[in-house]
Amino acid sequence: MQEKYNFAEIEPKWQKKWEEENFFKVQQEDDMDKYYVLEMFPYPSGNLHMGHVRNYSIGDVVARYKTMQGYNVLHPMGWDAFGLPAENAAIKHGVPPEKWTWDNIANMRRQLKSMGLSYDWDREVTTCHPDYYKWTQWLFLQFYKNNLAYKKKASVNWCPDCATVLANEQVVNGECERCGSKVEKKDLEQWFFKITDYADRLLKDLEKLSGWPEKVKIMQRNWIGRSEGAQVKFKTEKGHVLEVFTTRPDTLYGVTFMVMAPEHPLVEELTEGTAYEKEVQEFVQKVRNMDEISRTSGETEKEGVFTGAYAINPVNDEKIPIWIANYVLMGYGTGAIMAVPAHDQRDFEFARKYDLPIRVVIQPEGQELSGDTIEEAYAGEGQLVNSGPINGLSVKEAIKKITKILEEKGLGHFEVNFKLRDWLISRQRYWGCPIPIIYCDECGVVPVPEEDLPVVLPEDVEFKPTGESPLKYREDFVNVKCPKCGKDAKRETDTMDTFVDSSWYFLRYCSPHQEDKLFDKDIADYWMNVDQYIGGVEHAILHLMYARFFTKVLYDIGLVSMEEPFQNLLTQGMVLKDGSKMSKSLGNVVSPEEIIGKYGADTARLFILFAAPPGRDLEWSDQGVEGCYRFLNRVWRLVYSYYHHLPTSVENLTINSKEDKELNRMVNVAIKRVTEDIGERFNLNTAISAVMELVNSVYHYKDNVDFTKQNLGLVRKSIETIILLLAPFAPHITEELWLIIGGKGSVHSQKWPSYDKAALVQDEIEIVIQVNGKVRDKINVAADIGQEDLKKEALANEKVVKQIEGKEIKKVIVVPKKLVNIVAK
């Protein structure tokens, strides 16, 4: 054994050995309990960052720990490889997206291997490989067959710089999430997935996910946005039916005007040829350039114009004006609202601005509100007034009664509404999965036959500076024969949103080399669902919602046996430096390769896991990295000081002295703490702390017990325990040390240590002695000492006697197992 810890020699040695032996390869073992641990796979941007290191280190600890506990562990890795950056690189540097992507994958795979991660690389999947996206296209066809994929003209979010459509979730404060450009509205024919068909199940099944953070479930609940109310029919004077969804049908008698979204298809019909047409058209154009978040923000000024048309209130036949306004969206509800300014703040502000009537229909107890004098809308409880048959009822009673009346008269009905919109998957980009659809003048929309999949992306394409997809200019790609009639036809040139690729990858890992189907159902049934999923909270709505949706669809068509993909979810915090997220623009990026080169992968892993609990943000600290490096050196030196003297086993171990008993207790305390911290609480930082305390205890024993009297069997047990407990966190050094002390096989194949409850009991405890609140001494006493005996010990203490000499003892306060405070004056 070398005296100095040489990570630069040890780490490549074991990485090579693991790879040569295919050490982490796993297969179905029906007689073993399985455990599927998965970190969200990365986009191959070119280099790992510290966020990656944290994510994958957490997952690796879980995978190695569960393996040592006897589970059959699936721990795969792959690449979310389609996406805009590859195209941007092609435009900027003239490098084909395919080459840029595969080069990046090769580099990042090398970096991952340098971290000593326990991946089964035989299961690697890459979403831009035709062997993978063939099945993404096959899934699209199943959605299409089951009426879950459809095309319609829609007003979409358009990023002019990326030259593509963005999903609502990809627009942040009116800007493109990726490039920061201002997002515009554009009408395009787009493909959608009908996720709204699954809104209720996606919401209800959140209750099954007890292993998910509550904050993630709240975010999904809010995004789905379930609400109960009534669908009410208003007729215009010209006979058009305007349907409105309202959660407050009890306020129908308080409606004084209606508001439609400027994009509503009836707007043009109602205003065509009227004196209001020009003003309405100008306002429609103005609002089209506003993003939805700004339009619905409480801070945005409410603006609108009168259409010149009127509707009839179905409950009292009152004629009410129809307006259009910026705060009503076509994408939510029906695109039209009944305005009740006395009881809705947005309607109130609009009514005040445009001098529209305000009628109070709910009076709070003990008050008498008037539409002429109220300064804000009243949205609380109370009794209905000015409301015909529902006068005098409470809000709750009135909602039930008016809904029943509407249903009896055919004027409306009870309805459940969702904020969730269908998933727009069309992207006007090249580097994505082609949509397997053909357009024929004779046959219309024709799905590509399954036997013709995959529709392969052409490689040699020419990118235009505008960012337009080059696919539409490739005649050999676009021009095809119709699979139905054989006549000339055109291929769809849009590609799919990359979130489609990542909505099922966890299933492909189960049988990644399956050529004849998506995956083997029997194998998927063995491994699924994912027992522990790990990734950033930024994916709470997009990826996690879409993956849940896909799994439910696959369940419904009989391809999987589970309805939820991820049993437990950990959302790790960010890695910060100087209080900010690491970024090139801030100049605060720390390179994982530099840290690994200077200190080794085990140190990098240990620091990233020790510096903060996994769920919280972590502040980078160079001193913290140094501290973890020193700790590993300390472990190395401890083994170096003993390895020549250790017995070959710890069988028939006897505990002799009180020092032996205390060290043995600390060994068992460490096993208990680390086991609970990893397996129950996910407190990986305190698990490492427990190992550090055990190392301190062994050093204390070494330094304070004469070598001739040391129990070397116990020392071996202590060192073995340190190595085993540290193995999931620092896999290289522990593998080397296990070999040095003569351990059999790999340390990562050993059984996880168990603790002896009896050994946890302390014979002695340390008690602090205070006089008038100031610490005067510390003494060791029997753990089971009674309070009276403890008082006597404290009062007889030499230092205490000096402090209380000539004083009267007023009281003696005992805090069991902690301290004695003597109050003397």
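Among the listed residues E407, E462, identify the single one that is out of contact with any Leu (no Cβ under 9 Å at 6 or more places or on another chain) and under 30 Å from G94 (Cβ atoms).
Only one candidate passes the filter, namely E462.
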(message) What pairs come out if I take residues in segment 268-287 that are without any contact (Cβ under 8 Å) to a residue 24 or more places away in the chain and within 22 Å of K302 (Cβ to Cβ) and pair them with residues that are of a type in the set (S, T, Y) and assigned to a helix (DSSP H, G or I) whose C-beta lies under 8 Å away, six or more apart or interchain?
(response) Q281/T271
(request) Any chance you could count how many residues in segment 125-163 are over 30 Å from S45 (Cβ atoms) and open to solvent by 50 Å² or more (accessible area, probe 1.4 Å)? (result) 9
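Suppose we filter L739, L724 for residues that are open to solvent by 10 Å² or more (accessible area, probe 1.4 Å), assigned to a helix (DSSP H, G or I), touching a Pro at 6+ places or on another chain (Cβ under 9 Å) and not basic (K, R); which single one remains? Steps first, answer last, please.
On the way: L739 fails: touching a Pro at 6+ places or on another chain (Cβ under 9 Å).
Going through L739, L724 in turn, just one is open to solvent by 10 Å² or more (accessible area, probe 1.4 Å), assigned to a helix (DSSP H, G or I), touching a Pro at 6+ places or on another chain (Cβ under 9 Å) and not basic (K, R): L724.
A612 - would you say it is crowded, with 16+ Cβ neighbours inside 10 Å, at pLDDT 90 or above and touching a strand residue (DSSP E or B) at 6+ places or on another chain (Cβ under 8 Å)?
On the way: crowded, with 16+ Cβ neighbours inside 10 Å: yes; at pLDDT 90 or above: yes; touching a strand residue (DSSP E or B) at 6+ places or on another chain (Cβ under 8 Å): yes.
Yes, satisfied.
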(request) Kindly list the number of the only condition in (1) under 20 Å from the mean Cα position of the chain (by Cα); (2) open to solvent by 40 Å² or more (accessible area, probe 1.4 Å); (3) closer than 30 Å to E468 by Cβ that fails for F41. (result) (2)
(request) Just need a number here: residues in segment 16-32 that are outside any loop (DSSP other than H, G, I, E, B) and open to solvent by 100 Å² or more (accessible area, probe 1.4 Å). (result) 3
(request) Give me the pairs, please: first residue somewhere in segment 663-688 and under 12 Å from V61 (Cα atoms), second residue anywhere and open to solvent by 30 Å² or more (accessible area, probe 1.4 Å) and hydrophobic (A, V, I, L, M, F, W, C), beta-carbon distance under 8 Å, and either six or more positions apart or on two chains. (result) L684/F610; N685/F610; N685/A611; I688/F610
(message) For segment 681-721: of the residues being among the acidic types (D, E) and in a helix (DSSP H, G or I), which is most open to solvent (accessible area, probe 1.4 Å)?
(response) D703
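When you check I671 against the structure, is it in a helix (DSSP H, G or I) and touching a Pro at 6+ places or on another chain (Cβ under 6 Å), yes or no?
On the way: in a helix (DSSP H, G or I): yes; touching a Pro at 6+ places or on another chain (Cβ under 6 Å): yes.
Yes; evaluated as a whole, the condition is true for this residue.
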(message) Can you say whether K807 is in a helix (DSSP H, G or I), open to solvent by 40 Å² or more (accessible area, probe 1.4 Å) and modelled with pLDDT of 90 or more, as far as the supplied structure shows?
(response) no
(request) Scan segment 47-89 for residues that are touching an Asp or Glu at 6+ places or on another chain (Cβ under 9 Å), open to solvent by 10 Å² or more (accessible area, probe 1.4 Å), over 21 Å from G573 (Cβ atoms) and part of a helix (DSSP H, G or I) and jot them down. (result) K66
(request) State which residue pairs qualify: first residue closer than 20 Å to K811 by Cβ and inside segment 770-798, second residue assigned to a strand (DSSP E or B) and not hydrophobic (A, V, I, L, M, F, W, C) in any location, beta carbons under 6 Å apart, and separation of 6 or more residues or different chains. (result) Q770/N821; N797/D777
(message) Please go through (1) in contact with a helix residue (DSSP H, G or I) (Cβ under 7 Å, 6 or more places away or on another chain); (2) within 20 Å of H49 (Cα to Cα); (3) not basic (K, R) for I557 and return the number of the only condition it doesn't satisfy.
(response) (2)
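When only residues in segment 351-364 that are charged (D, E, K, R) and under 45 Å from the mean Cα position of the chain (by Cα) count, which is most open to solvent (accessible area, probe 1.4 Å)?
Among those that are charged (D, E, K, R) and under 45 Å from the mean Cα position of the chain (by Cα), it is R352.
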(request) Note down all Cβ pairs under 9 Å where the first residue falls in segment 535-552 and is touching a residue at least 12 places away in the same chain (Cβ under 8 Å) and open to solvent by less than 10 Å² (accessible area, probe 1.4 Å), the second is acidic (D, E) and part of a helix (DSSP H, G or I), and they're at least six residues apart or on different chains. (result) M545/E169; R548/D205; K552/D205
(message) Within segment 425-447, does at least one residue satisfy the condition of being charged (D, E, K, R) and open to solvent by less than 50 Å² (accessible area, probe 1.4 Å)?
(response) yes
(request) Identify, by number, the condition in (1) open to solvent by less than 40 Å² (accessible area, probe 1.4 Å); (2) within 19 Å of Y332 (Cβ to Cβ); (3) touching a residue at least 24 places away in the same chain (Cβ under 8 Å) that S297 doesn't meet. (result) (3)
(message) Checking the condition in contact with a Leu (Cβ under 7 Å, 6 or more places away or on another chain) and open to solvent by 30 Å² or more (accessible area, probe 1.4 Å), which residue from V639, V650, V669 passes?
(response) V669
(message) Checking L795 against (1) surrounded by 15 or more Cβ atoms within 10 Å (Cβ to Cβ); (2) of a type in the set (A, V, I, L, M); (3) under 56 Å from the mean Cα position of the chain (by Cα): exactly one of these is not met. Which one?
(response) (3)
(request) Scan segment 189-209 for residues that are open to solvent by 20 Å² or more (accessible area, probe 1.4 Å) and modelled with pLDDT under 95 and jot them down. (result) E189
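The values are calculated or read from the model by the stated rules, or taken from the named source; none is laboratory data. The shown structure was predicted, so the numbers you read here are calculated from the model rather than taken from an experiment. Glycine gets a Cβ as well: all are built from the backbone with ideal geometry, and neighbour counts include every protein chain shown. With ligands, DNA and RNA removed, areas are computed over all heavy atoms of the protein, side chains included. Shrake-Rupley method; radii C 1.70, N 1.55, O 1.52, S 1.80 Å.
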